[in-house]
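Okay, structure first, notes after.
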Amino acid sequence: MIFATANRHKLREMRELLPGVELEPLPNGITLPPEQGESFAEIALEKARAAHAATGEAVIADDSGIGAVGLGGRPGIHSARYGGEGASDEENLEKLLREVAAAGEERHAYYTCALALIDEEGAEHVFEARWDGRLVEEPRGEGGFGYDPAFVSEGQRDGRTVSELSDDEKNEISHRGRAARMLAAHLEQRGAARTGR
């Protein structure tokens, strides 16, 4: 099954989250369309459709991002390019923290992940999950990627940011982990239906 992403961090995470599924990266020479949808689900489906049309294979595609409550849900679907086209993770995070601080006391935020599956027959499915937490003022930790160094999961009593969690801890509670478990349950059900179990 192809995972339609150019982000190696996401590919590694998805392989950990779907241990029974052999995930291949997007073949060289296939370009995903510009993200024009209005929601994570729409954008994930656009990517999956393009990869499926180009390869004829079963495809999973992801679209995900962070929303700050104090900014009315921004950056949302623009998370990957929040600091401008070609901005690094650090530049995106710096801009978000600067704007959140300027907006006042509200530091609640949430990650959203939509996973789109197009199977061999072309049937489309979307699995979406949300992960609530808050943004700390100063980034901390070496792990994770994107906005993880400033995000503390709701209920994380010790106050560690996602970048201070182990991969297993993150995968257990993250938006992508939750969406991947929904996807895995669907694949398992489909497999059971095919074998008549």
Checklist outcome for this item: Checked Thr55, Thr31 against criteria (hydroxyl-bearing (Ser, Thr, Tyr) and in contact (Cβ under 8 Å) with a residue 24 or more places away in the chain); the one match is Thr55
Next on the checklist: As an exercise: evaluate Ala80 against (1) surrounded by 15 or more Cβ atoms within 10 Å (Cβ to Cβ); (2) assigned to a helix (DSSP H, G or I); (3) out of contact with any Gly (no Cβ under 9 Å at 6 or more places or on another chain) and give the number of the one condition it does not meet.
Outcome noted: (3)
Item to check | Options Ala48, Ala54: the member that is assigned to a helix (DSSP H, G or I), modelled with pLDDT under 95 and over 12 Å from Ala6 (Cα atoms) | outcome: Ala54
Checklist outcome for this item: Residues of the range 104-146 being at pLDDT below 95 and surrounded by 14 or more Cβ atoms within 10 Å (Cβ to Cβ), in sequence order, are Asp119, Gly143, Gly144, Phe145, Gly146
Checklist entry - Residues of the range 113-143 being farther than 17 Å from Arg98 by Cα, of a type outside the set (A, V, I, L, M, F, W, C), out of contact with any Leu (no Cβ under 7 Å at 6 or more places or on another chain) and free of Cβ contacts under 8 Å to residues at least 60 places away in the same chain, which ones? => result Glu121, Arg130, Asp132, Gly133, Gly141, Glu142
Checklist entry - Does Leu97 satisfy the condition of being assigned to a helix (DSSP H, G or I), in contact with a helix residue (DSSP H, G or I) (Cβ under 7 Å, 6 or more places away or on another chain) and either closer than 17 Å to Leu32 by Cα or among the aliphatic types (A, V, I, L, M) (or both)? => result yes
Item to check | Residue that is farthest from the chain's Cα centre (by Cα) [pool: residues in the range 36-76 that are surrounded by fewer than 16 Cβ atoms within 10 Å (Cβ to Cβ), under 28 Å from Tyr110 (Cα atoms) and not polar (S, T, N, Q)] | outcome: Gly72
Checklist entry - For the range 1-35, which residues satisfy the criterion of being within 12 Å of Leu115 (Cα to Cα) and either among the polar types (S, T, N, Q) or more than 13 Å from the chain's Cα centre (by Cα) (or both)? => result Thr5
Checklist entry - Gly67: at pLDDT 95 or above, in a strand (DSSP E or B) and touching a strand residue (DSSP E or B) at 6+ places or on another chain (Cβ under 8 Å), yes or no? => result yes
Next on the checklist: Can you pull out every residue in the range 36-51 that is touching a residue at least 60 places away in the same chain (Cβ under 8 Å), over 14 Å from Leu117 (Cβ atoms) and out of contact with any Gly (no Cβ under 6 Å at 6 or more places or on another chain)?
Outcome noted: Ser39, Phe40
Item to check | Residue under evaluation Gly155, criteria (1) within 14 Å of the chain's Cα centre (by Cα); (2) over 22 Å from Glu91 (Cβ atoms), criterion not met | outcome: (1)
Checklist outcome for this item: Among the residues of the range 144-158, the number that are farther than 19 Å from Ala103 by Cα and either of a type in the set (Phe, Trp, Tyr) or touching a helix residue (DSSP H, G or I) at 6+ places or on another chain (Cβ under 6 Å) (or both) is 6
Next on the checklist: Any residue at all in the range 84-93 that's surrounded by 16 or more Cβ atoms within 10 Å (Cβ to Cβ), over 19 Å from Glu137 (Cβ atoms) and more than 14 Å from the chain's Cα centre (by Cα)?
Outcome noted: no
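Residues are listed down the side, and each one gets a yes or a no for (1) outside any helix (DSSP H, G or I); (2) of a type outside the set (Gly, Ala, Ser):
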{"site": "Glu128", "(1), (2)": "yes, yes"}
{"site": "Pro139", "(1), (2)": "yes, yes"}
{"site": "Ser163", "(1), (2)": "no, no"}
{"site": "Glu169", "(1), (2)": "no, yes"}
{"site": "His186", "(1), (2)": "no, yes"}
{"site": "Arg190", "(1), (2)": "no, yes"}
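The values are calculated or read from the model by the stated rules, or taken from the named source; none is laboratory data. Only a predicted model underlies this, so the values are computations on that prediction, with no experimental measurement involved. Note that we place each Cβ from the backbone using ideal geometry, even for glycine, and neighbour counts take in every protein chain shown.
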